[in-house]
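Report on the structure given below.
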Amino acid sequence: MPPTNSEAEVIAFPKSGKKLSSTERIWGKAVYRHGYAGIPSILIQGQRRLGLNPMQMNICIQLLDYWFDPVRKPFPTKKDLAQRIGCNEKTIQNNIRALEQAGLVKRHYRRTAAGDWNSNIYDLDGLVAKVQALEPEFTAQKEQRAMLKSQLQKPGGLKAKLK
């Protein structure tokens, strides 16, 4: 019989190869586990250019939180949206109407199997298209900032060009 060693050697198992996303690293696993909404920075930064007041922006963000699959449009009730935001249903209704008139949202009415009215389906393709239309402008601004930054890093940079 071989001699027994009272202390066993501990072998560290390799950690899982899955790296945490930057969002998960920022918010932590517990928060991240409850989901997140994909909100492009162009939408946030372009709020004014899109003509969205704070309530309309909040409604858009809430609708994006319900949109899990590109082929399945969100369909929250006005009551749910109002409770999340802290306003009344009429405020939601009026602002969604304004979003629809601006071409950002399109409502599709739906009924239950019994024929009663159900929550609307909200098509956000107009919002997506308008955000995508802003992208070239944001790209041009980003390239201009990069060019100015590179000139600042060169000896003489902007000073030489300003003379």
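The values are calculated or read from the model by the stated rules, or taken from the named source; none is laboratory data. Everything numeric in this text was worked out from a predicted model, so none of it was measured. Neighbour counts are summed over all protein chains in view; Cβ atoms, including those assigned to glycine, are modelled from backbone coordinates with ideal geometry. Quick note on the areas: whole protein, heavy atoms, side chains included, nothing else; ligands and nucleic acids left out. Shrake-Rupley method; radii C 1.70, N 1.55, O 1.52, S 1.80 Å.
A few comments on the model shown:
- Of all residues in region 96-139 being of a type in the set (Lys, Arg) and touching a residue at least 24 places away in the same chain (Cβ under 8 Å), the one that is nearest to Ala82 (Cα to Cα): Arg110
- Within region 18-129, helices (runs of 4 or more DSSP H) holding 2 or more residues that are under 30 Å from Ala140 (Cα atoms) and open to solvent by less than 80 Å² (accessible area, probe 1.4 Å): 22-27, 41-45, 54-66, 89-101
- Which numbered condition Glu135 misses (of (1) over 23 Å from Gly46 (Cβ atoms); (2) in a helix (DSSP H, G or I); (3) open to solvent by 50 Å² or more (accessible area, probe 1.4 Å); (4) modelled with pLDDT of 90 or more): (1)
- Check on Glu143, part of a helix (DSSP H, G or I), surrounded by 10 or more Cβ atoms within 10 Å (Cβ to Cβ) and at pLDDT below 95: yes
- Against the test of being of a type outside the set (D, E, K, R), touching a residue at least 12 places away in the same chain (Cβ under 8 Å) and at negative phi, the options Pro74, Pro54 yield a single qualifying residue, Pro74.
- Cβ pairs under 8 Å, 6+ apart, first in region 34-47 and on the phi < 0 side of the Ramachandran plot, second assigned to a loop (DSSP other than H, G, I, E, B) and at pLDDT 90 or above: Ala37/Trp67; Leu43/Leu50
- Residues that are at pLDDT below 90 and touching a Ser or Thr at 6+ places or on another chain (Cβ under 6 Å) do not occur anywhere in region 65-80.
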